[in-house]
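The values are calculated or read from the model by the stated rules, or taken from the named source; none is laboratory data. Since this is a predicted model, take the numbers as computed values, not measurements. Because the Cβ atoms are built from the backbone with ideal geometry, glycine has one as well, and the counts that use them run over all protein chains shown.
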Amino acid sequence: MATEYAIGAAGPQFSPYENANTVAERWRTWKRNFQYYLDGQIGLSDKQKIARLLHQAGPDVQEIYESIAENEAVGTTELEKCFYRLDLYFEPEVNRAYERQKFRNLTRNKNESMEQYLIKLRRQSKFCGFTNTDEAICDQVIEKCADAKLKRKFLKKGKDITPAIILEITRIYELEKTNEEEEISIEVPENNVNKIQSKSTCFRCGRQGHFASSKVCPALDMKCDKCGIRGHFSKCCKTKKGKPKDSVNKKKRKKYVKYVIESASESEDSSDEDTSDENCEESVNSVFNIESENCKYTILIGEKLSYKFIVDSGASVNVIDKNTFKKLIRQGLNVKLNTCVNQKYYAYGGKELSQLGTFKTTLYSPDSRKQVQTEILVYKGHGPSLLSRQTSTQLGLLWVGPIHQIEPLFQMTDVVNKYPDIFKGVGRLLNFKLQIPIDPNVKLIAQPIRRQPFNMRPIEERLIKELLDSDIIEPVTGPTPCVSPSHIVAKKAKDQYRL
């Protein structure tokens, strides 16, 4: 808690023995406060100023002042000599290496402004003895800057950077960042969409407030009137008719349906019609979950923004979630969101999707180099982005139908049977001697022969004999400057080797 004192007083007493590690810094602060007090006093002599200083500092400082030899004091006035004697005690010789280490460890806190950080650096730099204080402060700010974009702005200034320029750049950058975050939020017209928050229900009894694993569920030990299985009410029964009871408890392998089914909407009650817009017609669709990462394609939205979509061979509508739409708006997508949606969509399990609206834009596929003008639905929540069947076909990313295969005009076996002499034996050129190009600057080495294992020696002799009989190699009787040892490698086929 800060010490309180009346207006016009010189300040609190100084405690020289409170903390020896911070006595020098505390003394500088106390002395500066007392000097401000003296500047406001008029007509005081040096003797009166010294008396007020020692009286305000307290008995401990008075004892220290009396113990210091007076002849060692330096100064033009008695007050300066008094301050010199006390400074000599409270501020010994400064350890610049330690003070610079403290300077290098200063970082900008999360809730600290750039002005406060620069003041903190300049206050510590007084004890470091820097030749160029502004340059040292700028280097420290750039080094400890956690924002990569802001650091690049500092580095672009180069040698012209100063603390004043750093402060100006930071203010502009933080103001732009704040305005950008405010513009991200999408404004939806009032009285247009009534948000309905879904509440989880127990799949055993259909009531809210607990889960199916809870012991308070009333249907936990009840017998179903529809299927005869214990553990749920008949209104929550999901057992299909015609199947035996034993097949219900069998584990089924999960399958994920990757399509969107569109069906005609049924007529609704008159009580629901008055809540809909007169200009919006409704139709019902079903959107199923997708668990695949192998069908993603990069699509350019609005001819400049790149995003990955999943090709859905059965979907009848293009969909993206709300977070993806916000991200595209931040990146510069200029579209108009139409909140009057004339269709209903249901997720896997029959849950209706909460829709935000639709917008029209241009999609371009770099893979097929095709472009199409289409409509995209934005829904609330989080999920993958889907390309409908029609859009995927128009972009050339999806082909639905029989595959047209080109049959060869002739079979390879027909050619082999027609010319058996050509395809028999080892293929080689007649009356041709291969000249191996050798770099004359490379030193040739004749390596010693490696000893082959006993089981590989008959194989080596057989391979060499086959090459000699086929006139691929020939024996050499004289000395040769380059010799490589033989190496036998087994092939995948049985009893087949390569020399």
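Couple of notes before you dig in:
- The stretch 5-29 - residue that is in a helix (DSSP H, G or I) and at pLDDT 80 or above and, of those, surrounded by the fewest Cβ atoms within 10 Å (Cβ to Cβ): Thr29
- In the stretch 280-296, the condition of being modelled with pLDDT of 80 or more, surrounded by 12 or more Cβ atoms within 10 Å (Cβ to Cβ) and more than 23 Å from Glu180 (Cα to Cα) is met by at least one residue.
- Enumeration of residues in the stretch 299-323 that are of a type outside the set (Lys, Arg) and surrounded by fewer than 21 Cβ atoms within 10 Å (Cβ to Cβ): Leu300, Gly302, Glu303, Leu305, Ser306, Tyr307, Ile310, Ser313, Gly314, Ser316, Asp321, Asn323
- Elements of type helices (runs of 4 or more DSSP H) in the stretch 382-499, at least 1 residues being hydrophobic (A, V, I, L, M, F, W, C) and loosely packed, with under 10 Cβ neighbours inside 10 Å: 412-418
- The condition (being touching a helix residue (DSSP H, G or I) at 6+ places or on another chain (Cβ under 8 Å) and at pLDDT 85 or above) is satisfied by just one residue among Leu175, Leu167: Leu167.
- Candidates are the residues of the stretch 119-151 that are of a type in the set (Lys, Arg) and surrounded by 11 or more Cβ atoms within 10 Å (Cβ to Cβ); the one that is farthest from Asn95 (Cα to Cα) is Lys151.
- Matching residues in the stretch 67-81 - criterion: being outside any helix (DSSP H, G or I) and at pLDDT 80 or above: Thr77
- Among (1) in a helix (DSSP H, G or I); (2) exposed (fewer than 12 other Cβ atoms within 10 Å of the Cβ), the one test that Ile42 misses: (1)
- Residue pairs meeting the criteria (Cβ under 8 Å; at least 6 apart or on separate chains; first among the basic types (Lys, Arg), in the stretch 345-365; second modelled with pLDDT of 85 or more and surrounded by 18 or more Cβ atoms within 10 Å (Cβ to Cβ)): Lys360/Ile376
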